[in-house]
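S.K.: Below is a structure I'd like to ask you about.
The values are calculated or read from the model by the stated rules, or taken from the named source; none is laboratory data. All values derive from a computational prediction rather than experimental measurement. Using ideal geometry, Cβ is built from the backbone for each residue, glycine included, and neighbour counts are taken over all protein chains shown.
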Amino acid sequence: MIFEFELSDDDGQILVKMARNAVTEYLQNNTRINNKEFNSRFNIDSGIFVTITKENSLRGCIGYPLPIKKLSNAVIDSAIAAATEDPRFSPINPNELNNLIFEITVLTPPIEINVEKYEDYLSIIKVGRDGLIVENKQCSGLLLPQVPKEYGWDIEEFLAHTSEKAGLEKNAWKDQDTKVSRFEGIIFKEESPNGKIVRGIL
């Protein structure tokens, strides 16, 4: 899969800082930052996820799997939602800001993987390259490309955990009526809270 646009390391720094600034402004003043200066630079439709961690533990992660918003708007909306609306966690307190690490993942559009038998997924999906979306009826779950690397999962474990993320049985990916899609991501993250921003390597 090839990205339709390039993001430099400088772009990555701007985007991560935008995510942090959006959360800081919203938590401290209950207002949304003005992103007019970023609109021309990031005037591209793209899926994106913002991940917030604290002391190596997930604190919030929300985003847009599909390119339905301009990148500049999607970063701000996802960052605020990750900090305040992730149902798995309580909203972030402003006092936590200096202990948080911000990470963004810019996504390629997902592509459905068509297979004749479920075993074929194992030769198509690549850990360290692909993120996955598993869908069945009204249920959908997504895991980013970096997740299986972080947990040391193989491809079957990755598929099982993505199925469970969708609220399905772990073997749901083997069912004929289950749809599996893959995507790739460009990652930028802080090395430490409010610290140096680097490009993530999968």
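S.K.: Go through (1) assigned to a helix (DSSP H, G or I); (2) in contact with a Phe, Trp or Tyr (Cβ under 8 Å, 6 or more places away or on another chain); (3) charged (D, E, K, R) one by one and return the number of the condition Glu103 breaks.
M.R.: So Glu103 meets the others, but not (1).
S.K.: Same structure again: Take the residues in region 58-86 that are out of contact with any strand residue (DSSP E or B) (no Cβ under 6 Å at 6 or more places or on another chain) and under 16 Å from Leu143 (Cα atoms); name whichever of them is surrounded by the fewest Cβ atoms within 10 Å (Cβ to Cβ).
M.R.: By that ranking, first place goes to Leu58.
S.K.: Taking region 59-75, which residues are β-branched (Val, Ile, Thr) and within 12 Å of Val106 (Cα to Cα)?
M.R.: Val75
S.K.: Same structure, new question: I'd like the residue in region 150-180 that is surrounded by fewer than 19 Cβ atoms within 10 Å (Cβ to Cβ) and of a type in the set (Gly, Ala, Ser) and, out of all such residues, is nearest to Gln13 (Cα to Cα).
M.R.: It comes out as Gly152.
S.K.: Further question: Only residues that are free of Cβ contacts under 8 Å to residues at least 60 places away in the same chain and in contact with a Ser or Thr (Cβ under 6 Å, 6 or more places away or on another chain): list them for region 138-152, please.
M.R.: Gly141, Leu143
S.K.: Filter region 87-107 down to the residues that are surrounded by fewer than 16 Cβ atoms within 10 Å (Cβ to Cβ) and among the polar types (S, T, N, Q), then identify the one that is farthest from Val198 (Cα to Cα).
M.R.: In this case the residue turns out to be Ser90.
S.K.: From the residues in region 26-46 that are modelled with pLDDT of 95 or more and buried (at least 17 other Cβ atoms within 10 Å of the Cβ), which one is nearest to Leu107 (Cα to Cα)?
M.R.: Out of the qualifying residues, it is Tyr26.
S.K.: Is it the case that some residue within region 118-130 is surrounded by 19 or more Cβ atoms within 10 Å (Cβ to Cβ), in the same structural domain as Glu55 (by TED's automatic domain parsing) and among the charged types (D, E, K, R)?
M.R.: Taking every residue of region 118-130 in turn, none turns out to be surrounded by 19 or more Cβ atoms within 10 Å (Cβ to Cβ), in the same structural domain as Glu55 (by TED's automatic domain parsing) and among the charged types (D, E, K, R).
S.K.: Those residues that are within 21 Å of Gly200 (Cβ to Cβ) and either at pLDDT below 95 or aliphatic (A, V, I, L, M) (or both), I need them from region 82-103; list them, please.
M.R.: Hits for region 82-103 are Ala82, Ala83, Leu100, Ile101.
S.K.: Output the residues belonging to region 32-56 that are basic (Lys, Arg) and in contact (Cβ under 8 Å) with a residue 12 or more places away in the chain.
M.R.: If the condition is that a residue be basic (Lys, Arg) and in contact (Cβ under 8 Å) with a residue 12 or more places away in the chain, then Arg32, Arg41, Lys54 are the ones that fit.
S.K.: Kindly indicate the residue of region 5-19 that is under 18 Å from the mean Cα position of the chain (by Cα) and in a loop (DSSP other than H, G, I, E, B) and also modelled with the lowest pLDDT among those meeting that condition.
M.R.: Only one residue tops the list, namely Phe5.
S.K.: Right, another one. Kindly indicate whether Val23 is in contact with a helix residue (DSSP H, G or I) (Cβ under 7 Å, 6 or more places away or on another chain), at pLDDT 95 or above and part of a helix (DSSP H, G or I).
M.R.: yes
S.K.: Which residue pairs have Cβ atoms closer than 9 Å, lie 6 or more positions apart in sequence or on different chains, and pair a first residue in region 164-193 that is more than 19 Å from Leu107 (Cα to Cα) with a second residue that is of a type in the set (Lys, Arg) and surrounded by 14 or more Cβ atoms within 10 Å (Cβ to Cβ)?
M.R.: Final answer for the pair search is Glu164/Lys170; Pro193/Lys54.
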